[in-house]
Amino acid sequence: MNRMTWYSRLSLSGVAWAAVALMNIPVMLVILGSFQTTSNMSSTAGVIPTSLTLANYETVLARTPFFTYLANSLTIAIGTTVLSAVLALLAGYAMSRYRSPLLTVFSYSLFVVQMFPVVLVLIPVFPIFRELGTINTPIPVIILCTVFNLPFVTWMSRSYFDSIPTEIEEAARIDGCSQLGALWRIVIPLSGPGVAVISVFSFLAAFNEFFIASVFLRTANSLTVPVGIQMFVQQYTTDWGNLMAGCVLMMLPTLILFFFAQRYIVHGAVTGGVKG
Amino acid sequence: MLPTLILLVVVVAFPLVSAMYLSMTKGSLMKTSGFVGWANYVSLFSNREFLSALRFTAIFAVTSIAGCYVFGLGIALLLQKTLPARGLLRVLFLMPWVIPSVVAVAGWRQVIGSEDALANLFLRAIGQNTVYFLSDDTWAVISVIVIKIWRSIPFVMLSLLAGLQAIDRSLYEAAAIDGANRVQTFFNVTLPQLKTVSIVLSLMMAIWSVNDFETVWLLTQGGPGYATQNLVVLSYLYTFKRSNVGLGTAIAIMTLVVLMVLIVMSLRQQRQPK
């Protein structure tokens, strides 16, 4: 495998870069489109833009409730992250350190959640959240996002705890630490990257979530960025430029977080998704 | 673990039981009234929209699993070679999976959304007719499937890449000594070694494609007509738009049944003796 000729290496590289370029066409069109006026986009009989403008960004930031959407999205994403991280760390720790019939049932039920149709949960739960007066608040979205995130992040945290030797905790226990104390003072600090990845993963999932948010959030002030941007499409049908600018603004935090943690997210997703 | 277990019971077990009850009632989400027994389920089997959704869900699942497996494996094999800038390539290949679905669909609209979208500019340049990707029944189905495949390739690629890297090198040496050529090595060593990860992947992809709401809803809202309605979209429509919560829940439960059949089938496959 390492004895490839420079020729085959070059042609394989060519194939790889061509495939990457082809796959990223939709993303590139969004970015290019965000710098063009809508009229320019629909009239250009070509993809190469003739002039670039920041007008779309100005419109989206100054004349639409983008910042309200962003604040709502952040509330939901941070709430989901905190709740998911706490639950996943406790459950992952238990799954990594103990064996019991209850744990077996638990790990099966995680698998069930993984396959559960979201809509099947939404229907019966909707009237309850309505009775509680929580429609158009972040609460139902945070709770449901957390639940559907849990299988993934719990398996991720379990695989991190598996990699930490139990001897370290035992030493702490001998020195008089309680079980939870050892988890909090010794194990969690040691699994720093694991905690970070669980958080980033939960954050991204909640930040990008569309279905749950679109069912529970209906008033203009409660919308999240994905649902709000979708509204642009319906209300200002022809305003493609603004839509694209909104998309880029929404994609930005996602991409930054992803590049920052991609190595770990990839590892976690593969173990969480496939080994589970 | 206990807090999670409580949350699971509240958010999964309770809804399941109450959904079963709801699926046997009529009325809207605001006010359900009257127990009707199995009537909703019986009516589904003469409901053309439901049968069409069932068919589309099956086609959608099978074609998207096959499609993203083929492309995912191709890219995984490519990235396994020591190419320059392999890390950067890998990150760029992950983009379709990382970006939010709203952005993904907006991007695809630039490619296939109108007569002057990129794909049509290209088709006209090579002398073909304009295609109305989203308003023609067949093309709408193809478009939704292609976008689903495109979104799923990165995950399949990652998992297969991990699977490829776990294959014992000595198997390849043995194959080389036996005089196997590249194609023979691929079919007799590489593919069989990927069997376990492939089965799990197909299972995950089946679950995710049957449960997919966002790709379909954001692109076509189930249209044109009901060409691209899957079970989840139809269930959403009945429950939240047409105020028929009984039928909506019955469809959601049927979705779960379809999934369980798929899962039992693939677990059987996995347990078969070698």
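The values are calculated or read from the model by the stated rules, or taken from the named source; none is laboratory data. Here the structure is a predicted model, which means the values were calculated and not measured. Don't worry about glycine lacking a Cβ; one is built from the backbone with ideal geometry, like all the others, and counts go over all protein chains shown. Accessible surface is based on the protein model in full, side chains and every heavy atom, while ligands, DNA and RNA are left aside. Shrake-Rupley method; radii C 1.70, N 1.55, O 1.52, S 1.80 Å.
A compact table of results
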| quantity | calculated |
| --- | --- |
| Condition met for A:F201 (more than 10 Å from chain B (Cβ to nearest Cβ) and modelled with pLDDT of 85 or more) | yes |
| Any hit, region B:107-119, residues being free of Cβ contacts under 8 Å to residues at least 40 places away in the same chain, within 13 Å of B:L158 (Cα to Cα) and more than 7 Å from every other protein chain (Cβ to nearest Cβ) | no |
| B:V189 of a type in the set (V, I, T), open to solvent by less than 30 Å² (accessible area, probe 1.4 Å) and facing chain A (nearest Cβ under 10 Å) | no |
| First in region B:43-64 and closer than 19 Å to B:P224 by Cβ, second anywhere and open to solvent by 50 Å² or more (accessible area, probe 1.4 Å), Cβ under 7 Å, 6 or more apart | B:E49/B:Y226; B:S52/B:Y226 |
| One residue from B:L267, B:L218, B:L201, B:L256 being surrounded by 18 or more Cβ atoms within 10 Å (Cβ to Cβ), at pLDDT below 90 and of a type outside the set (D, E) | B:L201 |
| Unique match (being more than 7 Å from chain A (Cβ to nearest Cβ), at pLDDT below 90 and buried (at least 18 other Cβ atoms within 10 Å of the Cβ)) among B:R90, B:R86 | B:R90 |
| Among the residues listed as A:V215, A:V200, the single one being surrounded by fewer than 20 Cβ atoms within 10 Å (Cβ to Cβ) and in contact with a Leu (Cβ under 6 Å, 6 or more places away or on another chain) | A:V200 |
| Test: B:I99 is open to solvent by less than 10 Å² (accessible area, probe 1.4 Å), of a type outside the set (K, R) and within 22 Å of the chain's Cα centre (by Cα) | yes |
| Which numbered condition B:G179 misses (of (1) open to solvent by less than 40 Å² (accessible area, probe 1.4 Å); (2) not in a helix (DSSP H, G or I)) | (1) |
| Among (1) open to solvent by 30 Å² or more (accessible area, probe 1.4 Å); (2) modelled with pLDDT under 85 - the single one B:L16 does not satisfy | (2) |
| Those residues of region A:86-106 which are among the hydroxyl-bearing types (S, T, Y) and surrounded by fewer than 17 Cβ atoms within 10 Å (Cβ to Cβ), in sequence order | A:Y98, A:S100, A:T104 |
| Residue check for A:G181: open to solvent by 10 Å² or more (accessible area, probe 1.4 Å) and away from chain B (no Cβ under 14 Å) | yes |
| Qualifying residues in region B:221-253 (those that are within 20 Å of B:S64 (Cα to Cα) and either buried (at least 21 other Cβ atoms within 10 Å of the Cβ) or of a type in the set (V, I, T) (or both)) - the one nearest to the other protein chains (Cβ to nearest Cβ) | B:V232 |
| Residues of region B:17-42 classified as in a helix (DSSP H, G or I) and out of contact with any Leu (no Cβ under 7 Å at 6 or more places or on another chain), total | 8 |
| Positions within region B:106-146 being open to solvent by less than 10 Å² (accessible area, probe 1.4 Å), in a helix (DSSP H, G or I) and under 21 Å from A:T38 (Cα atoms), in sequence order | B:A106, B:G107, B:N120 |
| Count of region B:196-246 residues which are acidic (D, E) and within 16 Å of B:L29 (Cβ to Cβ) | 0 |
| Residue within region A:118-140 that is within 11 Å of chain B (Cβ to nearest Cβ), within 19 Å of A:F203 (Cβ to Cβ) and open to solvent by less than 10 Å² (accessible area, probe 1.4 Å) present | yes |
| Hits in region A:94-109 (condition: in contact (Cβ under 8 Å) with a residue 60 or more places away in the chain and at the interface with chain B (Cβ under 8 Å from one of its Cβ atoms)) | A:M95 |
| Output for region B:192-250, where each listed residue is under 16 Å from B:I145 (Cα atoms) and not in a helix (DSSP H, G or I) | B:N211, B:D212, B:F213, B:Q221, B:G222, B:G223, B:P224, B:Y226, B:A227, B:T228, B:Q229, B:N230 |
| Selection count where residues are in contact (Cβ under 8 Å) with a residue 60 or more places away in the chain, within 20 Å of A:V118 (Cβ to Cβ) and more than 8 Å from chain A (Cβ to nearest Cβ), scope region B:1-42 | 2 |
| Options A:T68, A:T75, A:T38, A:T81: the member that is modelled with pLDDT under 85 and among the β-branched types (V, I, T) | A:T38 |
